[in-house]
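I have placed the structure first, in the form of structure tokens, so that the comments after it can refer back to it.
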Amino acid sequence: MCGISGFFLINNYDSHRESLQTLKNMTNVLKHRGPNASGYWSSERDNIYLGHRRLSIIDLSDSANQPMSSSENRYVIIFNGEIYNFKKLKDELKSLFNVKFKTQSDTEVILELIVQYGFRKALDKITGMFSLAVWDKKEKNLYLAIDPLGKKPLYWSVDDKKLIFASEIKSILKFKSFKKTLNYQSLSEFFRFSYIKAPNTIFNGLNKLEP
């Protein structure tokens, strides 16, 4: 289990230094999900900030730490989960596109699938449980996705100034301008059924990404 967090600022009202500190605060809350390493990536020009807490399982080396950039440096990923067919996909990338891998991780396989096939087709090839965020430096697009069964959670909030996302709600609550107001419909639903159906959460303006 790992933890991911990040945000995209449409209007950057804080300094880059302040935004980086916010990212670290959000990411450190997820330490229990990933005790082995922490990592941060940001672009002050594009106002994008990505954080990761890592639980090392497949590739234990530092080279597999995240955020991770693709070989041609177009994409940056933060990823939580496990890809069951990554070895088969890795062999496919080697044989069809002569991709040279630097790690033994499934994270790098996802990245190179995106490079060769694009984001949506790459996800269609993956079998596993995951939540991930990918930044496309060329097109300035941020992609968020979770697995088809929704095993790995991802929460998000958006308004006219920002998009915030994280593996857990308490990480998003560390973003200082997020306003915590109860969603009473969700509260009623919880008391009736003992859970809150996605995409709703206990807070207004905070959503759970659907499979």
Relative contact order as a percentage, the chain, C-alpha pairs under 8 Å and 6+ apart, gives 21
Dipole check, the chain, charges on Cβ (K,R +1; D,E -1), about Cα centroid: among N204, L111, G81 the Cα furthest to the positive pole belongs to N204
Scalar couplings 3J(HN,Hα) for region 192-203 by Karplus 6.51 cos²θ - 1.76 cosθ + 1.60 (θ = phi - 60°), nearest whole Hz, x for Gly and Pro, are 7, 10, 6, 7, 10, 6, 4, x, 6, 9, 6, 10
For the chain, the longest principal axis of the Cα atoms and the Cα long axis of helix 86-97 enclose an angle in degrees, to the nearest 10, of 50
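Mind scanning K31/K208; K100/K208; K138/K197; K24/K100; K24/K197 and naming the pairs with a C-alpha gap bigger than 26 Å?
Working: K31/K208 21 Å; K100/K208 36 Å; K138/K197 36 Å; K24/K100 32 Å; K24/K197 30 Å.
Listed pairs above 26 Å: K100/K208; K138/K197; K24/K100; K24/K197.
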Residues whose built amide H sits under 5 Å from the amide H of S56, excluding neighbours closer than 5 in sequence, are N36
Answer in debye to the nearest 20: the dipole magnitude of region 23-182 about its Cα centre, from +1 Lys/Arg and -1 Asp/Glu charges placed on Cβ, is 480
Candidate cut points under GluC sites (Glu not before Pro) in region 65-136, DSSP loop plus at most 16 other Cβ atoms within 10 Å of their own Cβ, are E72
Computed about the Cα centre, the charge dipole of region 2-57 from +1 Lys/Arg and -1 Asp/Glu charges at the Cβ has a magnitude in debye, to the nearest 20, of 320
Any chymotrypsin sites (Phe, Trp or Tyr not before Pro) in region 1-65 that lie in a DSSP loop and have at most 12 other Cβ atoms within 10 Å would be Y13
Loop-resident trypsin sites (Lys or Arg not before Pro) in region 109-176 with no more than 14 other Cβ atoms inside 10 Å, DSSP not H/G/I/E/B, are K138, K140, K151, K161, K176
Extend 7 Å from the Cα of S177 along its Cα-to-C-beta direction; within region 8-35, residues with backbone N under 19 Å of that point are 8-27
Rg (one decimal) and Dmax (whole number) from the Cα set of the chain, in Å, equal 17.2, 55
Amide H proximity to M68 below 5 Å, modelled H, separation 5+ or other chain, gives I77
The relative contact order of region 1-104, taking Cα pairs under 8 Å that sit 6 or more residues apart, comes to a percentage of 28
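Would you kindly calculate the translational diffusion coefficient of region 4-46, applying Stokes-Einstein with the Kirkwood radius from alpha carbon pairs, for 37 °C and a viscosity of 0.692 mPa s, and quote it in µm² s⁻¹ without decimals?
Numbers: Rh = 11.3 Å.
Translational D for this selection: 291 µm²/s.
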Taking only the alpha carbons of region 36-82, the radius of gyration and the largest Cα-Cα distance, Dmax, both in angstrom, are 11.3, 34
Sorted by chain and number, the residues with a modelled amide H under 5 Å from that of K162, at a separation of 5 or more or across chains, are I10
Per-residue ellipticity at 222 nm attributable to helices in the chain (runs of n ≥ 4 DSSP H, -39500 (n - 2.57) apiece, nearest 500 deg cm²/dmol) works out to -8000 deg cm²/dmol
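Show E189, E139 ordered by accessible area, largest first, where the area counts protein heavy atoms only and the probe is 1.4 Å. Don't skip to the answer; put the middle values down first.
Details: E189 40, E139 100 Å².
Final ranking, largest accessible area leading: E139, E189.
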Filtered hits (aspartates and glutamates, Cα-Cα < 13 Å from K152, offset >= 8 within chain) -> E82, E168, E210
Of all C-alpha pairs within region 100-139, those more than 17 angstrom apart amount in percent to 28
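The values are calculated or read from the model by the stated rules, or taken from the named source; none is laboratory data. Owing to the predicted nature of the structure, the values given are computational and were not obtained by experimental measurement. Note that each Cβ is placed from the backbone with ideal geometry, even for glycine, and that neighbours are counted across all protein chains shown. To get the accessible areas, we keep the full protein, side chains included, count just its heavy atoms, and leave off ligands, DNA and RNA. Shrake-Rupley method; radii C 1.70, N 1.55, O 1.52, S 1.80 Å.
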